[in-house]
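Trainee: Sharing a structure, written as structure tokens. Questions coming.
The values are calculated or read from the model by the stated rules, or taken from the named source; none is laboratory data. Please read these numbers as outputs of a predicted model, since none were measured by experiment. Here the Cβ is made from the backbone with ideal geometry for all residues, glycine too, and neighbour counts use every protein chain on show. Only protein heavy atoms, including side chains, enter the accessible area calculation; ligands, DNA and RNA are left aside. Shrake-Rupley method; radii C 1.70, N 1.55, O 1.52, S 1.80 Å.
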Amino acid sequence: MSKTYQTQGKNRLESFLSSHPDAHFTVDEICIAINGDMSAKSSVYRNLSELCRDGKVRKFKGEGENACVYQYLGEDRACRDHFHLKCIECGHLEHLECFMGKDLCQHIGEHHGFTVDSGRSILYGVCAKCCSKTDQKQQREVKN
């Protein structure tokens, strides 16, 4: 068993992420937020790996080949039990804690013989906020 240490960097990282539980961040964004620059990037990666291993943080594949984003789950979040929705316009990542996801997983298992890992499943689309912005923009264009 490996030892885990509570360093100032790890405490700052966890504090920052826990104060933004519904947001997700790249490593670069985290470095700037907690260090003011890109220093200690390797330390941030190491601490994120520990927090992911401990189940406090979830790593999601982001846009681009090597891009990843991280989101704070805390101690009580059962993030592996539901799908996630990601807006292709603003990048917002939302937890879909809805009984329909479980029904979909059950259907896929029973009728298609496939077990879905819903916690790693992301559905891409456009969030309500971005749809509203698009609708407002289209209405302004029609008026002009």
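Trainee: Of the residues in region 28-37, how many are over 16 Å from residue 57 (Cβ atoms) and open to solvent by 80 Å² or more (accessible area, probe 1.4 Å)?
Mentor: Of the residues in that region, 1 qualify.
Trainee: Considering region 112-137 alone, what residues qualify as being under 18 Å from residue 83 (Cβ atoms), assigned to a helix (DSSP H, G or I) and open to solvent by 100 Å² or more (accessible area, probe 1.4 Å)?
Mentor: To start, the set of residues in region 112-137 that are under 18 Å from residue 83 (Cβ atoms) comprises 112, 114-128.
Within this subset, residues satisfying the condition of being assigned to a helix (DSSP H, G or I) are 112, 118-120, 128.
Once the filter is applied, which keeps residues that are under 18 Å from residue 83 (Cβ atoms), assigned to a helix (DSSP H, G or I) and open to solvent by 100 Å² or more (accessible area, probe 1.4 Å), region 112-137 yields 112, 120.
Trainee: Please enumerate the residues belonging to region 81-111 that are among the charged types (D, E, K, R) and either more than 12 Å from the chain's Cα centre (by Cα) or open to solvent by less than 70 Å² (accessible area, probe 1.4 Å) (or both). Write out each step before concluding.
Mentor: First, pick out the residues of region 81-111 that are among the charged types (D, E, K, R): 81, 86, 89, 94, 97, 102-103, 110.
Selection gives 81, 86, 89, 97, 102, 103, 110.
Trainee: Sticking with this one: How many residues are open to solvent by less than 30 Å² (accessible area, probe 1.4 Å) and closer than 23 Å to residue 92 by Cα if we restrict to region 38-51?
Mentor: 3
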